[in-house]
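A quick write-up on the structure given underneath.
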Amino acid sequence: MKQLVIVGNGPYSQMMKKYVEQTGFGEALAYTVGAAYIQKEEMDGVPVLPLEKLRETFPCDRVSLVLGIGYRRMGEIRREVFGACRQYGYRFENYVHPTALIAKDVEMGEGNNILEGVILEAGAKIGDANLFFGGSMVAHETTVGSYNTFSVRAVAAGCAAIKDHCFLGASSVVRDHVALEDYVLLGAGAYGFKDMDPYSVVMPAKSILLTDKKSTDFL
């Protein structure tokens, strides 16, 4: 069984600990985070260790890491922590949920988290430290850089290009052959219908609450 350390000490890292253990992916021996961010020395029955001293307890030839850093600051925190861990000599696992469907020719870096029902189609290329939440999809021949987040049921259609640090909200869609430059944000349900410049924000049509109607007026 893989011996693992979860990088992070927040709700997302706790979720990843549950995933690796419940799916038999490996054994989570500890959490690790920068010493300045340690709030308590134990969580979920395992120690929380300072990243700067992790090698003293778990040398990099004994354990591998699972990314437990979420999407705050458009993935910048994830990039900083990922880079620091790699400098210390650690290798990240790609966590893949058993229900995910990944074509045999998909090229992938490391430190990606791929949750329930994710689909990565033939010819897709994936970089490092991306988060793919349940039901998201990367279609054929699409490239995804690093430090991106695909929220629940987010879709990138065929031959698209997602650069780095992008956030695709729940049920958002990137059209085929469209390129999103770095730090593009698609809101939940938004449609990326054309190429986007860095730091672009796309919001969906508004949902309107009808204050003068009741549900029973319709059904």
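The values are calculated or read from the model by the stated rules, or taken from the named source; none is laboratory data. These numbers come from a predicted model, not from an experiment. Positions of Cβ are backbone-derived with ideal geometry, glycine not excepted, and every protein chain shown enters the neighbour counts. These area figures cover heavy atoms from the full protein model, side chains too; ligands, DNA and RNA do not enter into them. Shrake-Rupley method; radii C 1.70, N 1.55, O 1.52, S 1.80 Å.
Tabulated results
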read-out: Ellipticity estimate at 222 nm from DSSP helix runs (n ≥ 4, -39,500 (n - 2.57)) divided over the chain, nearest 500; value: -3500 deg cm²/dmol
read-out: Global form of the stretch 109-187, assessed from the alpha-carbon gyration tensor, a/c cut-off 1.5; value: rounded
read-out: Largest to smallest accessible area among 79, 91, 72 [probe 1.4 Å]; value: 72, 91, 79
read-out: Where the chain is the region considered: accessible area per residue in Å², 1.4 Å probe; value: 52
read-out: Residue-span extension gain [residue 215 to residue 199] - 0.36 nm each, minus C-alpha spacing; value: 1.9 nm
read-out: Förster-model FRET efficiency, 45 Å R0, residue 53 and residue 107, C-beta, rounded to 0.05; value: 0.85
read-out: Extended-chain gain in nm, criterion 0.36 nm per residue less alpha-carbon gap, residue 39 and residue 141; value: 32.4 nm
read-out: Cβ-derived FRET efficiency at R0 25 Å, residue 46 paired with residue 99, nearest 0.05; value: 0.45
read-out: Accessible-area ranking of 23, 211, 32, 57, largest first, probe 1.4 Å; value: 211, 57, 23, 32
read-out: Nearest-ten-degree value, helix 76-87 long axis tilted from longest Cα axis of the chain; value: 30
read-out: 23 Å Cα cut-off, lysine pairs counted over the stretch 1-120 (separation 8 or more, or different chains); value: 8
read-out: Nearest-0.05 FRET efficiency for residue 77 and residue 175, computed from C-beta distance (R0 30 Å); value: 0.55
read-out: Projected label distance in nm at residue 91 and residue 159, using a 7 Å step from Cα toward the beta-carbon; value: 3.6
read-out: Packing-based order for 1-10, 98-107, using average beta carbon neighbours within 10 Å, highest first; value: 1-10, 98-107
read-out: Full-stretch length increase - residue 27, residue 188 - with 0.36 nm per residue and alpha-carbon distance subtracted; value: 54.6 nm
